[in-house]
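*Asks:* The structure's right below; bear with me while I get my questions together.
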There are 2 protein chains.
Amino acid sequence: MNHPSPFLSELRRPLPPALAQALAARFGERFSVASAVREHHGRDESPFPPTPPEGVVFAHSTQEVADLVALCRAHRYPLIAFGAGSSLEGHLLAVQGGISVDLSQMNSILAVDADDLTVTVQAGVLRKQLNEQLKSTGLFFPIDPGADASIGGMCATRASGTNAVRYGTMRENVLSLTVVTADGKVIRTAGRAKKSSAGYDLTRLFIGSEGTLGIITEITLKLYPLPEAMSAAVVNFPTMAAAVATVIQTIQLGVPIARSEFLCERTIRAINAHSHTTLREAPTLFFEFHGTEASAREQAELVQQIARDHGGQDFEWASRPEDRTRLWNARHNAYFACLQVRPGCRAISTDTCVPISRLADSITGARAILDKGNFPTMLLGHVGDGNFHAVLLINPDDPVEVEQAERLNDEIVRLALSMDGTCTGEHGIGLHKIGFLVEEVGDDAIELMRRIKLAFDPDNILNPGKIFRLEA
Amino acid sequence: MNHPSPFLSELRRPLPPALAQALAARFGERFSVASAVREHHGRDESPFPPTPPEGVVFAHSTQEVADLVALCRAHRYPLIAFGAGSSLEGHLLAVQGGISVDLSQMNSILAVDADDLTVTVQAGVLRKQLNEQLKSTGLFFPIDPGADASIGGMCATRASGTNAVRYGTMRENVLSLTVVTADGKVIRTAGRAKKSSAGYDLTRLFIGSEGTLGIITEITLKLYPLPEAMSAAVVNFPTMAAAVATVIQTIQLGVPIARSEFLCERTIRAINAHSHTTLREAPTLFFEFHGTEASAREQAELVQQIARDHGGQDFEWASRPEDRTRLWNARHNAYFACLQVRPGCRAISTDTCVPISRLADSITGARAILDKGNFPTMLLGHVGDGNFHAVLLINPDDPVEVEQAERLNDEIVRLALSMDGTCTGEHGIGLHKIGFLVEEVGDDAIELMRRIKLAFDPDNILNPGKIFRLEA
């Protein structure tokens, strides 16, 4: 393993009593050191052991976050932003101690500017809540990572998910951020214009910075008119390769599909068991088409033709909203369905993304690698973008399995890197991929990232220990 | 005027003789101090007086650029990247002296990965050359700023143009950059995967950095399949407000138009005179529709209906490639057509961009402001993005006109900023908008930009004097 343990106890710092006192004075009952509260803020969906912060503050405003940062900064004490706790790479684990900045109560939608197709929200707003509250406007926010993540967390990890093939990722859908810097200052990175050439792109710099450069407190997002027509389809294939070839050709022809998800037969089996569905247990693609009635139909026909050319069968339609919802709920629950295949297991999920022409080699290569493991594994993902996840269900108490899983994970990532791909399409680096990031971009690029970090946060108080090691 | 003159002679540094000797030894005849060569590299399309560099190096490879940076760095001597010389804000003017790094001979297309919809080019490749060489692949690169700019320069200014309403800007269409840093190191910011959450977004940080953080030498771009159908249309309106309202409604309904350009009646008059066209001299919209035959037709019908609702008339079609080309050539030559309205003049072009709902107020407000001037002015732009340009044709030798133009320019920018817009949608900050950038994002955000600059380029040798003033 080339990943040094991130849980080095000598880096953990206890909460300075003077800071504890100051936090209690400033935040009253919204500052907690109760162990249940700390435990809750010390775990995410990653396979890492819980690593709680020393205290938690439930912030109510940007100004409160700024005050909190100023207090912690005076003690050079770490701060870790916390949204919904749905990250997958240990982003919120308090490996050096610190205060968890819980933003979940900053959950107001501040401004819906329907005429501009924008919305401004507090960082703790959840994805589903946002779309629920947008319903009456005829607009929606398309980015959908599956989990009901917070918008702030989605910014911090540069999240994407099932709709990214058409609508892009958080990178493309954030217009502006309000950020509290390590100095305790509040900046707004941009206005609400759709494009701008005004100076360095601070917005994109904070997106994907995993809480290490600043704490995002407010976000202005692009919205889209709800399409006149939305339809979904399921199609089965004789082989994984045939399914993937269908997606590749669809992308290469420029069909503007809204979603295209691949699920291997094992994933479908897990979903059937978990969601009581009766999907055929074969390599499967889920599609969604958005447009006018005519254009959505035209897209669907094109894709159906391409699928047929690759042996696709049982093309099933879901045009009614409730049928589409059932289908996508099944997809979204796939991760949890997989987990239930092996009670008591923890899942390691890869997140590679490759240029689209290499997708078939990347997925079939991953399957061959996974077959060397002695535990259940599944493949699924956002194949229209070249991104997929291998899910490895391991017994976290069995060091042999853990070691083997890490080795297979390494092999899958290296295969993607050899194809000019990335170790993470959407989950982020966190604790787990620090070594892979170096392999992917090289020492000199990491050095630039380090310099940015030190320029923004010289005391290294913002989510220390994540993305890269600060010492060269 | 709140813009201090950028042409402070005390900042100009002559070329150190030892550096001149070293450059001659390394680059032979491709290092020039000839005054004609220097003059050519000291002017762009901005209204600023020519400000030549002290020498020019014609680079042939990334390694040569790295060697050049290392040589200049040893003397702490400035370097200014030069592509096609089409920038509009004085980006390439050598206000502190320096060596112009001419990348125009780095004009090879390194790899067309048609199956991945990507292409990798050297920075000096020109936009039109790229699409010419892509023709046989059935793919194209849509970003079109009008000028036949270099791809490297388009990255450096975060360029966009007429197609951005559908395809996005350089921000959305660059996958990876090869960059020479101020240390003379060569980094590649990312692989070719369509999306990634791997660390800080160095790609987006260099895009729009105007040569101040590194010298971009190679670029991997996204490509798109040439649409099955492309058609263009021209429609006239009784008023500017009616034309703009048509665009706003088109955007709000989510019609995926490929281009929507506004031209005021004065711009049309200039075009008719310059391009020998017979367009009706009224507020006019040019549209382009991309898609399958059916979807392009459907879009066109929708837009025609919206235009009619706003009094649009004389809907004229151009489906044949040669007709479309003539139309868009007329649009692209609009800037030069405007210049000819007043022989000997120089043009100041504003570049504001506002949230779409404020576009009508922004444009009619700009018209009212311009009417206070004693010189010809026109309005045109990429209104689907909320971006437009006011062109002010002034006598550069008349200080009264210059001062008045700057004042009107200030008013137009402040109006856009009051609408949560930006001072520059696509031209960049350069020398001219340093003061506006401060107004737009505030001192604390500028301070972060300064820190990035100093972290990347502590000796301030990369295009010094642009975007912001380095001293706080």
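*Asks:* If you go through segment B:415-424, how many residues are more than 7 Å from chain A (Cβ to nearest Cβ) and under 19 Å from the mean Cα position of the chain (by Cα)?
*Replies:* 1
*Asks:* Does segment A:253-265 contain at least one residue that is out of contact with any Pro (no Cβ under 7 Å at 6 or more places or on another chain), part of a helix (DSSP H, G or I), among the charged types (D, E, K, R) and surrounded by fewer than 24 Cβ atoms within 10 Å (Cβ to Cβ)?
*Replies:* no
*Asks:* Applying the selection to segment A:174-209, what residues are outside any loop (DSSP other than H, G, I, E, B) and either at the interface with chain B (Cβ under 10 Å from one of its Cβ atoms) or surrounded by fewer than 24 Cβ atoms within 10 Å (Cβ to Cβ) (or both)?
*Replies:* A:175, A:176, A:178, A:179, A:186, A:187, A:188, A:202, A:203, A:204, A:205, A:206
*Asks:* Could you say which residue among B:221, B:253, B:263 is touching a Phe, Trp or Tyr at 6+ places or on another chain (Cβ under 6 Å) and either away from chain A (no Cβ under 14 Å) or touching a residue at least 24 places away in the same chain (Cβ under 8 Å) (or both)? Outline the logic, then answer.
*Replies:* Working: B:253 fails: touching a Phe, Trp or Tyr at 6+ places or on another chain (Cβ under 6 Å); B:263 fails: touching a Phe, Trp or Tyr at 6+ places or on another chain (Cβ under 6 Å).
Result of the check over B:221, B:253, B:263: B:221.
*Asks:* Related question: Inside segment B:159-173, can you point out the residues that are part of a loop (DSSP other than H, G, I, E, B) and within 8 Å of another protein chain (Cβ to nearest Cβ)?
*Replies:* Once the filter is applied, which keeps residues that are part of a loop (DSSP other than H, G, I, E, B) and within 8 Å of another protein chain (Cβ to nearest Cβ), segment B:159-173 yields B:159, B:160, B:168, B:169.
*Asks:* Moving to a separate point now. Considering only segment B:125-150, state which residues are closer than 21 Å to residue A:253 by Cβ and either of a type outside the set (S, T, N, Q) or touching a residue at least 12 places away in the same chain (Cβ under 8 Å) (or both).
*Replies:* If the condition is that a residue be closer than 21 Å to residue A:253 by Cβ and either of a type outside the set (S, T, N, Q) or touching a residue at least 12 places away in the same chain (Cβ under 8 Å) (or both), then B:134, B:135, B:137, B:138, B:139, B:140, B:141, B:142 are the ones that fit.
*Asks:* Return only the number of the condition from (1) more than 10 Å from chain B (Cβ to nearest Cβ); (2) buried (at least 16 other Cβ atoms within 10 Å of the Cβ); (3) more than 23 Å from the chain's Cα centre (by Cα) that residue A:471 does not satisfy.
*Replies:* That leaves (2) as the condition not met.
*Asks:* Moving to a separate point now. List pairs: first residue in segment A:298-322 and closer than 21 Å to residue B:295 by Cβ and not assigned by TED's automatic domain parsing to the domain that holds residue A:261, second residue outside any helix (DSSP H, G or I) and at pLDDT 95 or above anywhere in the structure, Cβ distance under 7 angstrom, at least six positions apart or on different chains.
*Replies:* Here the result reads none, with nothing in segment A:298-322 linked to a residue that is outside any helix (DSSP H, G or I) and at pLDDT 95 or above.
*Asks:* Looking only at segment A:449-468, count every residue that is within 12 Å of another protein chain (Cβ to nearest Cβ), in contact (Cβ under 8 Å) with a residue 12 or more places away in the chain and either part of a helix (DSSP H, G or I) or surrounded by 21 or more Cβ atoms within 10 Å (Cβ to Cβ) (or both) and tell me the total.
*Replies:* Initially, segment A:449-468 is screened for residues within 12 Å of another protein chain (Cβ to nearest Cβ), giving A:449-458, A:466-468.
Checking which are in contact (Cβ under 8 Å) with a residue 12 or more places away in the chain leaves us with A:449-450, A:452-454, A:456-458, A:466-468.
Still in the list and also either part of a helix (DSSP H, G or I) or surrounded by 21 or more Cβ atoms within 10 Å (Cβ to Cβ) (or both): A:449-450, A:452-454, A:456-457, A:466-468.
Looking only at that region, the number is 10.
*Asks:* Are any of the residues in segment A:210-218 more than 24 Å from residue A:432 (Cβ to Cβ) and at pLDDT 95 or above?
*Replies:* Taking segment A:210-218 and keeping what is more than 24 Å from residue A:432 (Cβ to Cβ), we get A:217-218.
Restricting the remaining residues to those that are at pLDDT 95 or above gives A:217-218.
For segment A:210-218, residues more than 24 Å from residue A:432 (Cβ to Cβ) and at pLDDT 95 or above: present.
*Asks:* Restricting to segment B:224-250, what's the tally of residues that are at pLDDT 95 or above, facing chain A (nearest Cβ under 9 Å) and in contact with a helix residue (DSSP H, G or I) (Cβ under 6 Å, 6 or more places away or on another chain)?
*Replies:* So the count comes out to 0.
*Asks:* Look at residue A:63 and say whether it is in a loop (DSSP other than H, G, I, E, B), touching a residue at least 40 places away in the same chain (Cβ under 8 Å) and away from every other protein chain (no Cβ under 12 Å).
*Replies:* Spelling it out, it is not the case that residue A:63 is in a loop (DSSP other than H, G, I, E, B), touching a residue at least 40 places away in the same chain (Cβ under 8 Å) and away from every other protein chain (no Cβ under 12 Å).
*Asks:* Next question. Would you pick out the residues in segment A:278-305 that are surrounded by 17 or more Cβ atoms within 10 Å (Cβ to Cβ), farther than 27 Å from residue A:362 by Cβ and β-branched (Val, Ile, Thr)?
*Replies:* A:292
*Asks:* Tell me which residues, restricted to segment B:108-124, are polar (S, T, N, Q) and touching a residue at least 24 places away in the same chain (Cβ under 8 Å). It would help to see each step written out before you state the result.
*Replies:* Going through segment B:108-124, the residues polar (S, T, N, Q) turn out to be B:108, B:118, B:120, B:122.
If the condition is that a residue be polar (S, T, N, Q) and touching a residue at least 24 places away in the same chain (Cβ under 8 Å), then B:118, B:120, B:122 are the ones that fit.
*Asks:* Does residue B:306 meet the test of being within 14 Å of chain A (Cβ to nearest Cβ) and either within 20 Å of residue B:384 (Cβ to Cβ) or touching a Lys or Arg at 6+ places or on another chain (Cβ under 6 Å) (or both)?
*Replies:* The answer is yes for residue B:306.
*Asks:* Let me ask something else about it. With the structure loaded, tell me whether residue B:446 is in contact with a Phe, Trp or Tyr (Cβ under 8 Å, 6 or more places away or on another chain), facing another protein chain (nearest Cβ under 9 Å) and farther than 17 Å from residue B:48 by Cα or whether it fails that test.
*Replies:* yes
*Asks:* Going by what's in this entry, would residue A:115 be described as of a type outside the set (S, T, N, Q) and in a helix (DSSP H, G or I)? Reasoning before the result, please.
*Replies:* Working: of a type outside the set (S, T, N, Q): yes; in a helix (DSSP H, G or I): yes.
It is true that residue A:115 is of a type outside the set (S, T, N, Q) and in a helix (DSSP H, G or I).
*Asks:* Given the structure, is residue B:50 at pLDDT below 95, surrounded by fewer than 21 Cβ atoms within 10 Å (Cβ to Cβ) and not assigned by TED's automatic domain parsing to the domain that holds residue B:156?
*Replies:* So residue B:50 fits the description; yes.
*Asks:* Out of segment A:223-233, which residues are touching a Pro at 6+ places or on another chain (Cβ under 9 Å), under 14 Å from residue A:134 (Cβ atoms) and surrounded by fewer than 22 Cβ atoms within 10 Å (Cβ to Cβ)? Full working, then the answer.
*Replies:* Step one: of segment A:223-233, the residues touching a Pro at 6+ places or on another chain (Cβ under 9 Å) are A:223-224, A:230.
Next, from what is left, pick out any that are under 14 Å from residue A:134 (Cβ atoms): A:223-224.
Listed by number, the list holds a single entry, A:224.
*Asks:* Another question, if that's okay. Which condition breaks for residue A:458 when tested against (1) touching a helix residue (DSSP H, G or I) at 6+ places or on another chain (Cβ under 9 Å); (2) under 30 Å from residue B:446 (Cβ atoms)?
*Replies:* So the condition that residue A:458 fails would be (1).
*Asks:* What is the residue count in segment A:67-95 for residues that are crowded, with 20+ Cβ neighbours inside 10 Å and not in a loop (DSSP other than H, G, I, E, B)?
*Replies:* Residues in segment A:67-95 being crowded, with 20+ Cβ neighbours inside 10 Å and not in a loop (DSSP other than H, G, I, E, B): 9 in total.
*Asks:* Another one. I'm trying to understand the selection: among the residues of segment B:72-97, which are over 28 Å from residue B:350 (Cα atoms) and touching a helix residue (DSSP H, G or I) at 6+ places or on another chain (Cβ under 9 Å)?
*Replies:* Result: B:72, B:74, B:75, B:77, B:78.
*Asks:* Taking the condition of being in a helix (DSSP H, G or I) and either of a type in the set (A, V, I, L, M) or more than 13 Å from chain B (Cβ to nearest Cβ) (or both), how many residues in segment A:266-293 meet it? Full working, then the answer.
*Replies:* First, the residues of segment A:266-293 that are in a helix (DSSP H, G or I): A:266-275, A:293.
So of that shortlist, the ones also either of a type in the set (A, V, I, L, M) or more than 13 Å from chain B (Cβ to nearest Cβ) (or both) come out as A:266-275.
Adding up the residues that qualify gives 10.
*Asks:* Then there's this: Could you check how many residues of segment B:425-443 are within 7 Å of another protein chain (Cβ to nearest Cβ), part of a loop (DSSP other than H, G, I, E, B) and buried (at least 21 other Cβ atoms within 10 Å of the Cβ)?
*Replies:* 5
*Asks:* Here is a further query. Working only within segment A:128-148, note down all residues that are more than 13 Å from chain B (Cβ to nearest Cβ), out of contact with any Phe, Trp or Tyr (no Cβ under 9 Å at 6 or more places or on another chain) and either crowded, with 22+ Cβ neighbours inside 10 Å or farther than 19 Å from residue A:106 by Cα (or both).
*Replies:* A:135, A:136
*Asks:* Something else about it: Filter segment B:268-293 down to the residues that are farther than 22 Å from residue B:384 by Cα and not charged (D, E, K, R), then identify the one that is farthest from the chain's Cα centre (by Cα).
*Replies:* B:278
Results for (1) in contact with a Phe, Trp or Tyr (Cβ under 8 Å, 6 or more places away or on another chain); (2) away from every other protein chain (no Cβ under 14 Å); (3) among the hydrophobic types (A, V, I, L, M, F, W, C), shown as yes or no for each residue.
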site	(1), (2), (3)
A:296	yes, no, yes
A:300	yes, no, yes
A:311	yes, yes, no
A:337	no, yes, yes
A:340	no, yes, no
A:344	no, yes, no
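The values are calculated or read from the model by the stated rules, or taken from the named source; none is laboratory data. Just so we're clear, the structure is a prediction, and the values are computed from it rather than from any experiment. Note that we place each Cβ from the backbone using ideal geometry, even for glycine, and neighbour counts take in every protein chain shown.
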